[in-house]
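Quick notes on the structure that follows.
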Amino acid sequence: MTGFRSFMDLALAEARTAAARGEVPVGAVVVGPGGVVLAREGNRTRELCDPTAHAEVLAIRAACAALGQERLAGLDLYVTLEPCPMCAAAISAARIARLYYGAADPKSGGVAFGARVFSHAQCHHAPEVYDGLAEAEAAALLRGFFAAKREA
């Protein structure tokens, strides 16, 4: 990957902002050609009273709106946590080219764990997947958030 630049720092910033709002700290960033950031979002399920308002779905919606199209072919998605099955399906439907994620999610993941959406014959598009980017920081953010919830 010559010339690779990660945008996980922006996804982590969105995750921290989500945590400050009382949301599960997950952040997502959609990046276009030349490293242009098209969308950056954090979880907003509580704020919007919407169980589908995961960071990935919100970022995909915002990027599609910015481009005026329903598909994001050739674009990259950075997310701090392994996408759940719902988000993995949205990533496939949007035709995201490359998915980069931080922490694995053995309990609710839909990429490497659980449903493994991209492995199914019914999956129309599977992005290239790169895991473990800023994994320690992403995992620590999640652990800290849930530890604070348990203590409260």
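The values are calculated or read from the model by the stated rules, or taken from the named source; none is laboratory data. Note that the structure is a prediction, hence the values are computed from the model and not measured. Positions of Cβ are backbone-derived with ideal geometry, glycine not excepted, and every protein chain shown enters the neighbour counts. Ligands, DNA and RNA are excluded from the accessible area calculation, which covers all protein heavy atoms including side chains. Shrake-Rupley method; radii C 1.70, N 1.55, O 1.52, S 1.80 Å.
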Gly32 is checked against (1) out of contact with any Asp or Glu (no Cβ under 9 Å at 6 or more places or on another chain); (2) under 26 Å from Gly3 (Cβ atoms) and fails just one. What number does that condition carry? (1)
Checked against (1) within 23 Å of Ala115 (Cα to Cα); (2) open to solvent by 20 Å² or more (accessible area, probe 1.4 Å); (3) among the aromatic types (Phe, Trp, Tyr), Phe4 satisfies every condition except (1)
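One line per residue, one yes/no per condition, for (1) open to solvent by 50 Å² or more (accessible area, probe 1.4 Å); (2) among the aliphatic types (A, V, I, L, M); (3) free of Cβ contacts under 8 Å to residues at least 60 places away in the same chain:
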site: Ala11; (1), (2), (3): no, yes, no
site: Val57; (1), (2), (3): no, yes, yes
site: Cys84; (1), (2), (3): no, no, yes
site: Ala90; (1), (2), (3): no, yes, yes
Picking from Arg16, Arg98, Arg40, Arg46, which residue would you name as being open to solvent by 20 Å² or more (accessible area, probe 1.4 Å) and either under 18 Å from Tyr130 (Cβ atoms) or in contact with a Lys or Arg (Cβ under 6 Å, 6 or more places away or on another chain) (or both)? Arg98
How many residues, within region 101-126, are touching a helix residue (DSSP H, G or I) at 6+ places or on another chain (Cβ under 6 Å), under 27 Å from Leu67 (Cβ atoms) and buried (at least 16 other Cβ atoms within 10 Å of the Cβ)? 5
